[in-house]
Amino acid sequence: MAPSILSADFARLAEEAAAVSGAADWLHVDVMDNHFVPNLTLGLPVVEALLKHVSLPVDCHLMIEQPDRWAPGYAEAGARNVTIHAEAASAPVRTLRAIRAAGARAGFAVSPATAVEPYEDLLPEIDMLLLMTVEPGFGGQSFLDMVLPKLRRARAMIARHGGAVWLQVDGGVDEETIERCADAGADVFVAGSAVYSSDDPARAVRALRSQAERATAHAAWARGR
Ligand code: DX5
Ligand code: ZN
């Protein structure tokens with residue numbers, strides 16, 4: 001479970017992170033540059049500041065142009081995971097290796113209209129594949145069911161390679177949609193508004209986790225795991 005602070009109060013980031021620290025696994029931080037996506041959030045100085053004040057591992061989702069230039073800096077700063085977008089990277093192999101060399105896990109994201117199959121040969125270079133379930137850029141959008149078949153294909157692709165890559169979903173993940181994601185093969189769940197619009201964000205994370213665990217227990221892809 002990786003709550004997204006995009007939906008948190010930006011004037012109280014450390015407190016908002018602390019509110020989920022007992023319940024979440026990672027804190028998801030959305031970096032947007034107003035070029036790759038039509039929204040501007042925060043960058044490396046804020047991530048560096050957050051890293052000093054949060055106990056959860058930080059999962060950085062870079063929705064920026066030129067990730068080849070910027071991604072290694074987030075890993076060097078101490079982010080646990082750094083995810084770059086397929087649509088923005090021009091040298092993904094080099095950048096994914098640079099992220100790993102700097103001590104972070106390397107994530108690779110595809111937007112809803114981007115096929116995942118062309119990246120099968122990249123799997124040994126990555127620790128996490130992120131399938132966006134909304135168009136990147138904003139919190140609070142509706143989940144795109146059209147991504148579910150791709151999620152199943154991505155899970156099968158990962159299984160063929162030994163299963164050692166996390167499969168993350170991000171966008172519109174809430175109590176209505178998380179079970180469909182788990183059933184289709186996701187094992188890492190980002191949720192922004194579903195967590196931070198709740199009066200009790202930690203309770204929201206725990207509730208989502210138990211829904212996901214229940215759905216995973218019945219999912220065909222997870223049998224024999
Ligand atoms: C959107 C971001 C998400 C966003 C999800 O581009 O990548 O992480 O915070 O927000 P919800 O869960 O509200 O869709
Ligand atoms: Zn995100």
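Points worth noting:
- Filter result (more than 16 Å from ligand 1 (Cβ to nearest atom) and under 24 Å from F143 (Cβ atoms)) within region 101-117: A115, V116, E117
- Filtering region 130-172 to residues that are within 16 Å of ligand 1 (Cβ to nearest atom) and modelled with pLDDT under 95 leaves nothing.
- Annotation note: Cβ proximity below 8 Å between a residue of region 41-58 that is more than 16 Å from N81 (Cα to Cα) and a residue that is among the small types (G, A, S) (sequence gap 6+ or interchain) occurs for H53/A14; H53/A17.
- Within region 1-19, the set of residues being within 16 Å of ligand 2 (Cβ to nearest atom) and not hydroxyl-bearing (S, T, Y) comprises M1, A2, P3, I5, L6, A8, F10, L13, E16, A17.
- Residue in region 7-20 that is nearest to the chain's Cα centre (by Cα), counting only those that are of a type outside the set (D, E, K, R), more than 11 Å from ligand 1 (Cβ to nearest atom) and assigned to a loop (DSSP other than H, G, I, E, B): V20
- Of all the residues in region 169-181, those that are buried (at least 24 other Cβ atoms within 10 Å of the Cβ) and under 16 Å from R153 (Cα atoms) number 2.
- Restricting A91, A109, A86, A104 to those that are among the hydrophobic types (A, V, I, L, M, F, W, C), touching a residue at least 24 places away in the same chain (Cβ under 8 Å) and farther than 16 Å from D170 by Cα reduces the list to A104.
The values are calculated or read from the model by the stated rules, or taken from the named source; none is laboratory data. Values in this document were obtained by computation on a predicted structure and should not be read as measured data. Cβ coordinates were reconstructed from backbone atoms using ideal geometry, including for glycine residues, and neighbour counts include every protein chain displayed.
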